[in-house]
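Working notes for the structure below.
The values are calculated or read from the model by the stated rules, or taken from the named source; none is laboratory data. No experiment lies behind these values; they were computed from the predicted model shown. Positions of Cβ are backbone-derived with ideal geometry, glycine not excepted, and every protein chain shown enters the neighbour counts. Please note that ligands, DNA and RNA were not included when accessible areas were found on the heavy atoms of the full protein model with its side chains. Shrake-Rupley method; radii C 1.70, N 1.55, O 1.52, S 1.80 Å.
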Amino acid sequence: QAAYGAANDSLATSGIVMDVMARNGAMAIDFATMERVQRIRAFNPDLIIVSFGTNECHGRGYQESEHRQGVEALLDLLQKYCSQSTILITTPPGDYLRQSHVKYISGGRGRGKKGRLRKRKVYTYSYSPNEMVERGCRLLNTVAAERHLAVWDIHAICGGDKAVRNYVANNMMRPDRVHFQPETYALFGRLLTT
């Protein structure tokens with residue numbers, strides 16, 4: 001809205017009316033409900049940006065079939081009830097998976113049942129780029145092609161698997177290495193609109 005001008009209301013002929021329906025931890029399947037789609041339909045939008053994948057892909061147990069099912073269910077509803085709208089699918093930008101490591105070191109208080117010195121647990125964490133994102137992006141590109149929908153592949157645009165290392169090196173991600181700094185989201189927005 002700042003870049004293109006805000007419209008006074010949804011019936012305005014110029015400017016942008018924007019509604020963000022994001023919810024932390026949401027997946028496409030969570031939005032594949034009549035209640036959500038009716039809310040979107042009420043806006044009579046020219047453009048619907050469907051931006052899911054980070055939560056679906058976050059974890060080593062990623063299931064492409066479940067991801068596809070959620071995306072397809074949402075797109076079925078949107079294409080049926082918002083048929084006048086253009087739909088743009090975006091891919092996740094990438095993230096890291098955290099792995100915890102437990103080490104036992106001497107230094108606990110007192111002695112255990114067998115007279116041994118107690119040990120205490122010390123947790124350390126390591127991070128590695130989430131390899132599931134590449135699979136999720138391929139799936140979203142495939143679904144978009146099958147449905148003749150536009151796709152904006154930010155993961156590929158920013159360098160694929162190498163991008164996440166650049167994000168961290170340039171302090172573009174939050175410490176959890178899943179979410180981004182506000183300035184990074186603004187950069188993604190500028191990339192999308194140019």
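Here are the numbers for this structure:
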{"item": "Every residue from region 63-81 that is of a type in the set (S, T, N, Q) and within 18 Å of the chain's Cα centre (by Cα)", "result": "GLN63, SER65, GLN69"}
{"item": "Residue match in region 37-46 (condition: modelled with pLDDT of 95 or more, within 22 Å of the chain's Cα centre (by Cα) and open to solvent by 40 Å² or more (accessible area, probe 1.4 Å))", "result": "no"}
{"item": "Subset tally (residues that are surrounded by 18 or more Cβ atoms within 10 Å (Cβ to Cβ) and under 15 Å from the mean Cα position of the chain (by Cα)) for region 135-151", "result": "5"}
{"item": "Scope region 53-82; condition without any contact (Cβ under 8 Å) to a residue 60 or more places away in the chain and of a type outside the set (D, E, K, R); matching residues", "result": "ASN55, GLY61, GLN63, SER65, GLN69, GLY70, ALA73, LEU74, LEU77, LEU78, TYR81, CYS82"}
